[in-house]
Amino acid sequence: MASTTARTALTVCFLWVATALPATAADIARGAELYRKCVSCHTLEANGRNRAGPRLHGLFGRVAGSVGDYRYSDALKGSGIIWTEQTLDAYLKDSEAFVPGTKMYGGLSLDQDREDLIAYLRAAAGRP
Ligand code: HEC
């Protein structure tokens with residue numbers, strides 16, 4: 001009984017510390033490092049080539065599957081997704097779960113990795 005109480009108190013204390021910590025700021029430089037996982041298939045420049053995946057220039061606010069000279073899966077093309085921090089986060093976390101049938105296999109499981117990468121993309125992908 002006493003140990004259960006102690007454990008509960010510890011858990012409560014831990015949760016309090018976890019929520020009291022300020023959210024870690026996204027680290028763009030770290031995001032740039034993480035982007036190296038993407039360069040084999042994607043470019044970021046305005047007239048960047050499509051590789052195995054479409055160019056990502058102007059990604060934010062873009063409708064998924066809308067780079068005209070790239071052949072998407074029907075799944076992504078018909079998804080109706082608009083790329084924002086939130087939708088990108090879900091796609092990068094588990095692309096197959098978010099868009100069943102997508103051609104991109106992706107899974108960045110760490111929240112901080114996705115946050116940093118998305119901050120980098122925000123800075124580097126430019127406007128549509
Ligand atoms: C092995 C190749 C490959 C890698 C590595 C890869 N992708 Fe992709 N990506 C693709 C393909 C293929 C598609 C098109 C998916 C479809 O049509 O279903 C795609 C699509 C996308 C889209 C949707 C673009 C649009 O126009 O709707 C985003 C965003 C994206 N990838 C981001 C990333 C990021 C960020 C990374 C790095 C973490 C990454 N990808 C790594 C192949 C890749």
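Per residue, the convex hull spanned by the alpha carbons of the range 26-124 comes to 87 Å³.
Below 14 angstrom from the Cβ of Ala29, what's the summed charge of the other residues (Lys, Arg +1; Asp, Glu -1)?
-2
With θ taken as phi - 60° and the Karplus curve 6.51 cos²θ - 1.76 cosθ + 1.60 applied, the whole-hertz 3J(HN,Hα) list for the range 79-93 is 6, x, 6, 10, 6, 10, 3, 6, 5, 5, 4, 5, 5, 6, 6 Hz, x standing for glycine and proline.
Read-outs: derived from the displayed coordinates by stated rules, not from any lab. Just so it is clear, the structure is predicted and the values come from calculations on it, not from any experiment. Every residue, glycine as well, gets a Cβ built from its backbone with ideal geometry; the counts of neighbours run over all protein chains shown.
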